[in-house]
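Take a look at the structure below.
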Amino acid sequence: MPPPSSKPREPIVGPEDPEPPFPLKLKGKVIKGFGRGSKELGIPTANIPISGLSVGGNSSLDSGIYFGWAGLDFASPPTPPPAHSAAARRPSADLMASPPSDDPALQLDTSAIFAALAREDEEQAAAGRGRVFPMVMSLGYNPFYKNTVRSVEVHILHDFARDFYGARLSLVILGYIRPEYDYVSKESLIEDIRTDIQVAARSLARPGYVRYRQDRALVEFDDVEDEEVGEEEKGEVVS
Ligand code: ADP
Ligand code: RBF
Ligand code: MG
């Protein structure tokens with residue numbers, strides 16, 4: 001599906017409080033993806049096995065772009081950054097700083113809101129538990145790249161010093177942003193993803209959504225399977 005012709009995007013999506021089917025939950029270990037996120041697009045995405053979708057009975061979830069919270073457990077050893085280190089890129093920080101604008105929705109400094117929330121987590125992080133971050137998630141076939149298997153990819157709105165392949169990731173998905181599109185150019189795909197990051201940040205900064213950061217599922221990882229999955233291609237195909 002092509003994107004609607006250069007229509008301006010809504011700055012915030014969804015109702016004031018998440019409504020069914022949200023919240024949806026999903027967990028998995030961070031695996032190797034297609035190797036494109038950081039290198040080609042400048043936007044790293046932590047891929048988790050698609051089999052994680054069936055855990056909460058979500059295997060029929062529509063493809064598209066979603067937002068919510070991500071709990072990350074670094075208990076598994078972090079891997080050293082590859083040559084094209086994702087950590088060298090900092091797309092989210094720039095995007096969350098509020099740009100000059102007359103629209104009050106666009107003046108929101110979401111990075112300041114999330115920094116304050118993160119400070120509340122410090123004690124928990126020091127105790128060795130996971131930390132919670134805002135996230136935007138792509139579920140689907142990446143029509144621009146014509147993938148043959150469905151994938152789950154999460155961009156976390158935080159600048160990490162290093163990669164975290166093998167870490168356990170727990171998602172609480174709270175809303176839907178848009179369907180996946182095909183694009184005329186890589187640049188227009190990147191532009192839309194950057195807008196998704198801003199839409200996710202603003203949408204999540206509302207009290208009805210911030211509340212879900214307390215969900216225990218985000219910091220409890222004991223139920224994440226210890227399966228070794230090498231590459232995205234090995235993921236289970238869910239149609
Ligand atoms: P792959 O194709 O293997 O998924 P990417 O280029 O998409 O590679 O980079 C993803 C990796 O980058 C993640 O697995 C993670 O280890 C790391 N990473 C660093 N910063 C982020 C971030 N903000 N969001 C998601 N992943 C990140
Ligand atoms: N790929 C597409 O082909 N079409 C899309 O509309 C699309 N939207 C995305 C939105 C977000 C927020 C993210 C993180 C990724 C999106 N992708 C999309 C996937 C992108 O092509 C993929 O992350 C890279 O190719 C790396 O696997
Ligand atoms: Mg990726």
Matching residues, region 158-170, being more than 7 Å from ligand 1 (Cβ to nearest atom), surrounded by 19 or more Cβ atoms within 10 Å (Cβ to Cβ) and assigned to a loop (DSSP other than H, G, I, E, B): 167
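Considering only residues that are surrounded by fewer than 20 Cβ atoms within 10 Å (Cβ to Cβ) and either at pLDDT 95 or above or not in a helix (DSSP H, G or I) (or both), which ones fall in region 206-218? First the steps, then the outcome.
Here is the first cut: in region 206-218, the residues surrounded by fewer than 20 Cβ atoms within 10 Å (Cβ to Cβ) are 206-208, 210-211, 214-217.
Within region 206-218, 206, 207, 208, 210, 211, 215 qualify.
Take residue 173 and tell me if it is closer than 16 Å to residue 41 by Cβ and within 16 Å of ligand 1 (Cβ to nearest atom).
Working: closer than 16 Å to residue 41 by Cβ: no; within 16 Å of ligand 1 (Cβ to nearest atom): yes.
Answer is no for this residue.
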Sole exception among (1) within 24 Å of residue 192 (Cβ to Cβ); (2) touching a strand residue (DSSP E or B) at 6+ places or on another chain (Cβ under 6 Å); (3) away from ligand 1 (no atom under 14 Å from the Cβ) for residue 52, by number: (1)
Criterion: at pLDDT below 90 and of a type in the set (A, V, I, L, M, F, W, C) - qualifying residue of 93, 70: 93
When residues of region 191-205 are limited to those that are crowded, with 20+ Cβ neighbours inside 10 Å and among the polar types (S, T, N, Q), the one nearest to residue 22 (Cα to Cα): 203
Test: residue 133 is of a type in the set (Phe, Trp, Tyr) and modelled with pLDDT under 75: no
Qualifying residue in region 176-190 (condition: surrounded by fewer than 22 Cβ atoms within 10 Å (Cβ to Cβ), in a helix (DSSP H, G or I) and away from ligand 1 (no atom under 15 Å from the Cβ)): yes
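Conditions (1) in contact with a Gly (Cβ under 6 Å, 6 or more places away or on another chain); (2) surrounded by 19 or more Cβ atoms within 10 Å (Cβ to Cβ); (3) of a type in the set (Lys, Arg); (4) without any contact (Cβ under 8 Å) to a residue 24 or more places away in the chain, marked per residue:
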{"position": "3", "(1), (2), (3), (4)": "no, no, no, no"}
{"position": "8", "(1), (2), (3), (4)": "no, no, no, yes"}
{"position": "36", "(1), (2), (3), (4)": "no, no, yes, no"}
{"position": "40", "(1), (2), (3), (4)": "no, no, no, no"}
{"position": "48", "(1), (2), (3), (4)": "yes, yes, no, no"}
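Considering region 140-156 alone, what residues qualify as being outside any strand (DSSP E or B) and β-branched (Val, Ile, Thr)?
Taking region 140-156 first, the residues outside any strand (DSSP E or B) are 141-150.
Passing the criteria: 148, 149.
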In region 20-51, residue nearest to ligand 3 (Cβ to nearest atom) [restricted to those that are of a type in the set (Gly, Ala, Ser) and in a helix (DSSP H, G or I)]: 37
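The values are calculated or read from the model by the stated rules, or taken from the named source; none is laboratory data. Since we're looking at a predicted model, the values are computed, not measured. Neighbour counts run over all protein chains shown; Cβ positions are idealised from the backbone, glycine included.
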